[in-house]
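Any read-out appearing in this document is the output of simple, stated calculations on the displayed coordinates, not a laboratory observation. Values in this document were obtained by computation on a predicted structure and should not be read as measured data. Here Cβ is always computed from backbone atoms with ideal geometry, including for glycine, and neighbour counts include all displayed protein chains.
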Amino acid sequence: MKRLCFILLFAFGLQLGAQNLEPKIIAYNTLVGAITGGIGSMINKRKEQKWHKAFAKGFVIGAGGGAMVYSGKKLNSLIAQKQKLSYGWVSRAVFSAGNSIVENAAANRLFWSQWHYDVGFIRLEYKTKENSLIPRFMPSTFGGLLFMAYHSTSFDYRTSLRSGTFTFYTDKIRYEPRLVGSTASNGFLFTDTLTGGKIFYDTYAHEMVHAFQFHEFSGINHFFDKPSAKLQQKYPLYKKLSKWIYIDASYESMLVNYFIINQGPKGKLYCRNYLENEAEFLSVRRCACIP
Ligand SMILES: [Zn+2]
């Protein structure tokens, strides 16, 4: 009985700890959307707009987008629960919608004016006013995918199609040998031992959250809208290229957040790394490390 009580208390304690992560995760995602939306909107304010009004508008719309970003990340739990990779297309649709709203807020334009959906290193961009769909190349995301392709032995096109996310395989992840799965961009590198069963789907859902984290700072990309517009006026070639190339500074922002701010993924710091805890909690409702 004593033992049973101990087990119950232990389980309850763990659950309490786990439950406490949810408000933190909601606050983090909402604030990332709100702050990047607010700052971007202020930078891109129109001449007649007051700076504090532009900030407030971007902050509120960005917060709404950020809340949607959180919902999209959380939908990855369905991959683990139902053991079906196709939920990755659904979670990405919700995540991208939220991400688009944050970008619209940061660009100081109508919140429904532009939507995007990322497939690998291609960003499919839909502009509502022009009713146009343009594929744009993301150089940093592409670089990250090349890095994973270089460290892989095969590309699993079936799994990639099922989840809507590039999936590579190797015998051993040489840049971090203790891992069985790694996300270095909008794609994954898994070891050959990870091909099915609960652990495969749990890991896949976790890595999907990381893939989304690589885009969550995309509001920052709009901090450079004004200098970019000036360059487009000056250089027609740059203008032409800008139509097809999307500078994804959000990728580098994620690297700074993961490796500098969160000090991942080494040793004990892995367990305290917010981004690891978010990925594990939203996919399988556990902390990154069992306490
Ligand atoms: Zn992770």
**Message:** Looking only at the chain, where both bridge partners belong to it, what percent of the DSSP beta bridges are antiparallel (to the nearest 5)?
**Reply:** 75
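Name the longest site-free stretch of the chain, where the excluded sites are GluC sites (Glu not before Pro) in a DSSP loop with no more than 11 other beta-carbon atoms within 10 Å.
Working: sites that count: Glu48, Glu130.
Maximal segment without exposed cleavage sites: 131-291.
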**Prompt:** ³J(HN,Hα) across the stretch 194-199 via Karplus (A = 6.51, B = -1.76, C = 1.60, θ = phi - 60°), whole Hz, x for Gly/Pro?
**Reply:** 9, 10, x, x, 4, 4
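For the chain, with only Lys/Arg (+1) and Asp/Glu (-1) charged at the beta-carbon, what is the dipole magnitude about the Cα centre, in debye rounded to 20? Write out the running numbers ahead of the final one.
Numbers: 36 positive and 19 negative charges, 136 e Å.
Computed about the Cα centre, the dipole is about 660 debye.
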**Prompt:** In Å and whole numbers, how far do the C-alpha atoms of the stretch 119-159 stretch along each principal axis, longest first?
**Reply:** 44, 24, 8
**Asked** Taking only Cα atoms, what is the 0 to 90° angle, nearest 10, from helix 139-150's long axis to the longest principal axis of the chain?
**Response** 30
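Given an 8 Å cut-off on Cα distances and at least 6 residues of separation, report the relative contact order of the chain as a percent. The partial results should precede the final answer.
Values: 555 pairs, mean separation 52.3, N = 291.
Taking the mean separation of contacting Cα pairs over the length of the chain, I get 18 percent.
In the stretch 154-225, which trypsin sites (Lys or Arg not before Pro) are in a loop and have at most 10 other Cβ atoms within 10 Å, using DSSP for the loop call?
Arg174, Arg178
Using DSSP loop states and a limit of at most 16 other Cβ atoms within 10 Å to flag chymotrypsin sites (Phe, Trp or Tyr not before Pro), what is the longest stretch of the chain containing no flagged site? Write down the numbers at each step before the final one.
On the way: sites that count: Trp112, Tyr175.
Longest gap between qualifying sites, sites excluded: 176-291.
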**Helix-only mean residue ellipticity at 222 nm for the chain, each DSSP H run of n ≥ 4 adding -39500 (n - 2.57), per residue, nearest 500** = -18500 deg cm²/dmol
**Prompt:** In 5 Å bins starting at 0, how do the alpha-carbon pair distances of the chain split up by percent?
**Reply:** 1, 6, 11, 16, 18, 16, 12, 9, 6, 3, 2, 1, 0, 0, 0, 0
**Request:** For the stretch 55-184, just list the percent of Cα-Cα distances falling in each 5 Å bin from zero outward, please.
**Result:** 2, 10, 15, 18, 19, 16, 10, 6, 3, 1, 0
**Asked** For the stretch 187-255, what log10 I(q)/I(0) values come out of the Debye formula at q = 0.19 1/Å, with one point per alpha carbon and no solvent?
**Response** -0.80
